[in-house]
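> My questions all concern the structure below.
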Amino acid sequence: MDNYDVVVLGGGPAGLAAALASNECGGKTLIIEREKLLGGILKQCIHDGFGLIRFKEKLSGPEYSGRYIDMVLEKDIDVETSTFVTEIKKQGEEFLITIVNSKYGVKKIKAKAIVLANGCRERTWRQVFIQGTRPAGIYTAGTAQYFVNMMGYLPFKKCVVLGSGDIGLIMARRLTLEGCTVEGVYEAKSTPSGLSRNIAQCLDDFSIPLHLSHTVTRVFGDDRLNAVEISKVDEKMIPIPGTEKIVECDGLVLSVGLIPENEIAESLNIKIDRKTKGPFVDQNLMTGLEGVFSCGNALHVNDLVDYVSESGEIAGENAAKYAKEHKDRKLIRMNADSKFLYAVPQYIDINSLNQKVIAYFRSRDIRDKMTVKLLYDGQVIFSRKYNKLKPPEMERITFDISKLNLKDNGEINIVMEG
Amino acid sequence: MKTLVCIGCPNGCELSVEEKANDILVSGNMCPKGKEFAINEIKNPVRSVTSTVKTVYEEVPRLSVRTNGEIPIKYVFPLMKLINTVEVDHPAKRGEVILKDVFHTGVDVIATSDMNYMLRGVK
Ligand SMILES: Cc1cc2nc3c(=O)[nH]c(=O)nc-3n(C[C@H](O)[C@H](O)[C@H](O)COP(=O)(O)OP(=O)(O)OC[C@H]3O[C@@H](n4cnc5c(N)ncnc54)[C@H](O)[C@@H]3O)c2cc1C
């Protein structure tokens, strides 16, 4: 049986960075990827804007992941692609992983630590309420992206985009460039989900209208989609009767959100945070189960790949360190108040040698001129002013806990003040 | 006064642009790139273009490409047309020039994926 210090599940940017960091710390490392190629979702994200923080360059997705793939292939890191994990069991301190691929058939592997880097999946139309038939021509933005960018197919001539998430905006531009008419982007919320720059460069540049507080309420067509019904919605996102209009189209692109992929975490009974939809973790990105780490979009949905790589590095480094030796954890809670959508990590291990905490958060609403503070025992341990906070834009903060004398009955509270 | 959203980075600064006699005043930018962007938007808006080109390989039918700089917006659709006439017949490397000096802008279209890796991987 093969023995590894660290097995990384998923070969996207998070997994690649985790494997490199684990290797750097002397961990014997294996990446398991179910697809034929490493690179994750970035293979199909051919637009640019990746890596501005990491490489100080405006790279496309394949270039960003390509650089990491090259680094991984140069190092002494084992990679198994087209490989599926069928079972993971914790046996004492170790993990027994069963994999299946065409090279070995069924094989068992032992690991001292596991990094979950499985990315996220897209919400599909089953998760949004649309009436009518179920004709062809309805795709998630990611599927449309795969068809256009990887296969070179244009799946429709005229389409409507539902949801203003970044991938939907990017696809609106991409489809337009390839000759498809994008009739409009419809968003049920009163504010866009995507980044302002993507509204500017993907919609405004091509005069594609963005209709806020609108949604698709019905689809028409037998075999093939031929029209959708659009309705205005109220503040509670309930369609307003009498506002319906019909838009003829042969395509509907859904960009209605991403959810961390957590099948494996759930099979290990790892506790999931309702807010992030990923596992609860400490500052080392270790989940509730000792020896299992989580990073990238599996942990929480990121808008910047640079932060995905950073979280991969944290998880990979700490997984390798954990594999060598570890002490018992002493976790205290880090709570964000209701003005936040979420904050990660949710726990601090006060026994950890890692005293430099990197935290990420998102504001629940758009707010101007806010101060974000971290409180411990009534004391302000961190404070930063923000001109503007927006839900689509994740914020990153770092703070040092070495001088704080944190006690195991304490907790850190993250608050936002106007 | 005009307002613009800078597309230089994910910060997406909201810029205010004011055209004075022979000067352009920019505010709201967090870095010098914002000013450069705003001035370009007034005088000669430019964009980078990313797309794919056809290949002769069945297993890897498309190769991702991008401009290695920005071109005037008026060339974006003409460039798409040009890009869609290309067929790559060898395993292009990342960074390899696919179209040189498009529309005399000094900007090239370069490959952004490594076809050798893709072809090896899917075998
Ligand atoms: C469709 C889509 C489009 C996106 N477009 C953009 C964009 O345009 N710009 C942007 O900044 N961000 C985009 N994102 C966000 C993007 O995912 C992140 O920036 C980043 O790629 C996340 O990296 P990751 O490694 O966490 O996940 P991924 O890149 O998703 O990688 C996860 C990898 O894990 C593998 N995997 C999953 N489950 C298993 C398993 N059980 N066993 C083995 N392997 C497994 C997957 O095959 C995949 O290769 C997009 C996300 C999606 C879903």
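> Could you sort A:Met237, A:Met334, B:Met1 by accessible area so the largest value comes first, with the probe set to 1.4 Å?
Largest accessible area first, the residues go B:Met1, A:Met237, A:Met334.
> For every other residue with a beta carbon closer than 9 angstrom to the beta carbon of A:Thr98, add +1 if it is Lys or Arg and -1 if Asp or Glu, then tell me the sum.
It works out to a net charge of +2.
> Suppose we keep just the alpha-carbon trace of chain B; what are its Rg and Dmax in angstrom?
18.3, 63
> Full-extension gain between A:Asp205 and A:Asp328, please, as 0.36 nm times their residue separation minus the C-alpha to C-alpha distance.
Separation in residues times 0.36 nm, less the Cα-Cα distance, equals 38.8 nm.
> Near B:Ile42, within a Cβ-to-Cβ distance under 14 Å, what is the net charge of the other residues, with Lys and Arg +1 and Asp and Glu -1?
Neighbour charge sum, excluding B:Ile42 itself: -1.
> Here is a further query. Using each residue's phi in the range A:384-399, evaluate 6.51 cos²θ - 1.76 cosθ + 1.60 at θ = phi - 60° and report the 3J(HN,Hα) Karplus result to the nearest Hz, with x for Gly and Pro.
Using θ = phi - 60°, the values come out as 8, 8, 10, 5, 8, 10, 10, x, x, 9, 6, 10, 10, 10, 10, 8 Hz.
> Let me ask something else about it. Taking every Cα atom in the protein assembly as shown, find the radius of gyration and the maximum pairwise distance Dmax, and write them in Å.
Over the protein assembly as shown's Cα set, Rg and Dmax evaluate to 24.0, 77 Å.
> On to the next question. So, for the range A:330-418, what is the accessible surface per residue at a probe of 1.4 Å, expressed in square angstrom?
50 Å²
> Ok, one more. So how tilted is helix A:13-24 from the main axis of chain A? Cα-based, degrees 0 to 90, rounded to 10.
Computed tilt is about 20 degrees.
> Ok, one more. Looking only at other chains, what is the average number of their beta-carbon atoms within 10 angstrom of each beta-carbon in B:2-12?
Mean partner shielding for this stretch: 6.
> How much length is gained if the chain between A:Thr86 and A:Phe147 is pulled fully straight, taking 0.36 nm per residue apart and subtracting their Cα-Cα distance, in nm to one decimal?
Computed gain between A:Thr86 and A:Phe147 is 19.1 nm.
> Describe numerically, in nm with one decimal, the distance between label points set 7 Å from Cα along Cα→Cβ at A:Glu35 and at A:Arg396.
2.3 nm
> On to the next question. Estimate the FRET efficiency between A:Glu57 and A:Arg274 by the formula 1/(1 + (r/R0)^6), using the beta-carbon distance for r and 35 Å for R0, to the nearest 0.05.
0.40
> Would you mind calculating the relative contact order of the range B:1-53 from Cα pairs under 8 angstrom and at least 6 residues apart, reporting the percent as a whole number?
The normalised contact order for the range B:1-53 reaches 27 percent.
> Next up: Computed FRET efficiency, Cβ-Cβ of B:Ile24 and A:Glu235, R0 35 Å: what is it to the nearest 0.05?
0.30
> To the nearest 10 square angstrom, how much accessible area does A:Met150 have with a 1.4 angstrom probe?
Approximately 40 Å² for this residue.
> Quick check on my link table: of A:Lys56/B:Lys54; A:Lys75/A:Lys103; A:Lys275/A:Lys390; A:Lys90/A:Lys321; A:Lys158/A:Lys189, which ones sit more than 20 Å apart, alpha carbon to alpha carbon?
In this structure, A:Lys56/B:Lys54; A:Lys75/A:Lys103; A:Lys158/A:Lys189 exceed 20 Å between Cα atoms.
> Which FRET efficiency value, to the nearest 0.05, do you get for A:Asp2 and B:Asn68 by plugging their Cβ-Cβ distance into 1/(1 + (r/R0)^6) with R0 = 41 Å?
0.45
> Would you calculate, for chain B, the mean residue ellipticity at 222 nm contributed by helices, counting each DSSP H stretch of 4 or more residues as -39,500 (n - 2.57) and dividing by all residues, to the nearest 500?
Helix-only estimate at 222 nm: -6500 deg cm²/dmol.
> Okay, moving on. For the range A:203-308, what is the accessible area per residue in Å², given a 1.4 Å probe and the full set of protein chains?
Roughly 44 Å² per residue, with all protein chains present.
> Antiparallel DSSP bridges in the protein assembly as shown: what percent, to the nearest 5?
65 percent
> Right, next: Please compute the net charge surrounding A:Ser193, taking Lys and Arg as +1 and Asp and Glu as -1 over other residues with Cβ under 14 Å from its Cβ.
Net of charged neighbours comes to 0.
> Given the -39500 (n - 2.57) contribution per DSSP H run of 4+ residues, what per-residue ellipticity at 222 nm results for chain A, rounded to the nearest 500 deg cm²/dmol?
-5000 deg cm²/dmol
> Ok, one more. Report, by chain and number, residues whose modeled amide H sits under 5 Å from the one on A:Tyr153, excluding near sequence neighbours (fewer than 5 apart, same chain).
For A:Tyr153, the qualifying residues are A:Val148.
> Using only the alpha-carbon atoms, how far is helix A:61-74 inclined from the longest principal axis of chain A? Give it as 0 to 90 degrees, nearest 10.
30 degrees
> Please return the longest stretch of chain A lacking exposed loop sites, where GluC sites (Glu not before Pro) count only if DSSP places them in a loop and at most 15 other Cβ atoms lie within 10 Å.
Here the longest segment lacking exposed loop sites spans A:94-234.
> Let me ask something else about it. According to a simple spin-label model (label point 7 Å from Cα along Cα-to-Cβ), what is the distance in nm between B:Ile42 and B:Phe77?
2.8 nm
> Which whole number gives the average count of other chain Cβ atoms within 10 Å of the Cβ atoms across peptide A:172-185?
That average works out to 2.
> Separate question: From the P(r) of the range A:52-125, could you give the percentage of C-alpha pairs in the tail past 13 Å?
Everything past 13 Å amounts to 78 percent.
> Here is a follow-up. Using each residue's phi in the range B:29-38, evaluate 6.51 cos²θ - 1.76 cosθ + 1.60 at θ = phi - 60° and report the 3J(HN,Hα) Karplus result to the nearest Hz, with x for Gly and Pro.
Values per residue, Gly and Pro as x: 7, 8, 8, x, 4, x, 5, 4, 4, 5 Hz.
> Sticking with this structure for a sec: Do you know the relative contact order of the range A:330-418, to the nearest whole percent, from alpha carbon pairs under 8 angstrom that are 6+ apart?
This gives 38 percent for the range A:330-418.
> Okay, moving on. Once you have a ≥ b ≥ c as the square roots of the Cα gyration tensor eigenvalues for the range A:124-256, tell me rounded if a/c is under 1.5, and otherwise prolate or oblate according to whether a/b is larger than b/c.
It comes out oblate by the Cα gyration axes.
> Amide H of A:Val8: which non-local residues (sequence gap of 5 or more, or other chain) have their own amide H closer than 5 Å, using H built in the peptide plane?
Counting only residues 5 or more places away or on other chains, the set is A:Leu30, A:Ile31, A:Ile32, A:Val115.
> Now a separate question. With label points built 7 Å along Cα→Cβ from the Cα atoms of A:Asn387 and A:Ile259, find their separation and express it in nm.
3.7 nm
> Can you list the residues, at least 5 places off or on another chain, whose amide H is less than 5 Å from the amide H of A:Arg218, using H built in the peptide plane?
For A:Arg218, whose amide H was placed from the backbone, the distant partners under 5 Å are A:Gln131, A:Glu229.
> Which distance in Å, rounded to a whole number, links the C-alpha centroids of the range A:2-26 and the range A:195-214?
Centre-to-centre (Cα) distance: 38 Å.
> Let me ask something additional. Across the range B:74-88, in residue order, what do the Karplus-derived ³J(HN,Hα) couplings come to in whole Hz, using 6.51 cos²θ - 1.76 cosθ + 1.60 with θ = phi - 60° and x for Gly and Pro?
Per residue, the Karplus-derived 3J(HN,Hα) values read 5, 8, 4, 5, x, 5, 4, 4, 5, 4, 6, 9, 7, 10, 8 Hz.
> Still on this structure, I have one more. Not counting ligands, DNA or RNA, and with a 1.4 Å probe, what is B:Cys31's accessible surface area in Å² rounded to the nearest 10?
60 Å²
> For the range A:330-382, what percent of Cα pairs sit more than 15 Å apart?
54 percent
> Compute the relative contact order of the range A:299-379 as a whole-number percentage, counting only Cα pairs closer than 8 Å that sit 6 or more residues apart in sequence.
Relative CO of the range A:299-379 lands at 22 percent.
> Moving on to the next point. Going by alpha carbons, how many degrees (0 to 90, nearest 10) lie between the helix axis of A:166-177 and the longest principal axis of chain A?
Result, in degrees: 50.
> For peptide B:62-73, compute the average count of partner chain beta-carbon atoms within 10 Å of each residue's beta-carbon.
Neighbouring Cβ atoms belonging to other protein chains average 3 per residue here.
> Accessible area, 1.4 Å probe, largest first: how do B:Thr105, A:Thr287 sort?
The residues order as B:Thr105, A:Thr287, largest area first.
> So, with a 1.4 angstrom probe, what is the percent of accessible area on the range A:124-256 that is carbon and sulfur?
53 percent
The values are calculated or read from the model by the stated rules, or taken from the named source; none is laboratory data. No experiment lies behind these values; they were computed from the predicted model shown. Neighbour counts run over all protein chains shown; Cβ positions are idealised from the backbone, glycine included. Areas reflect the complete protein model, heavy atoms only, side chains present, ligands, DNA and RNA absent. Shrake-Rupley method; radii C 1.70, N 1.55, O 1.52, S 1.80 Å.
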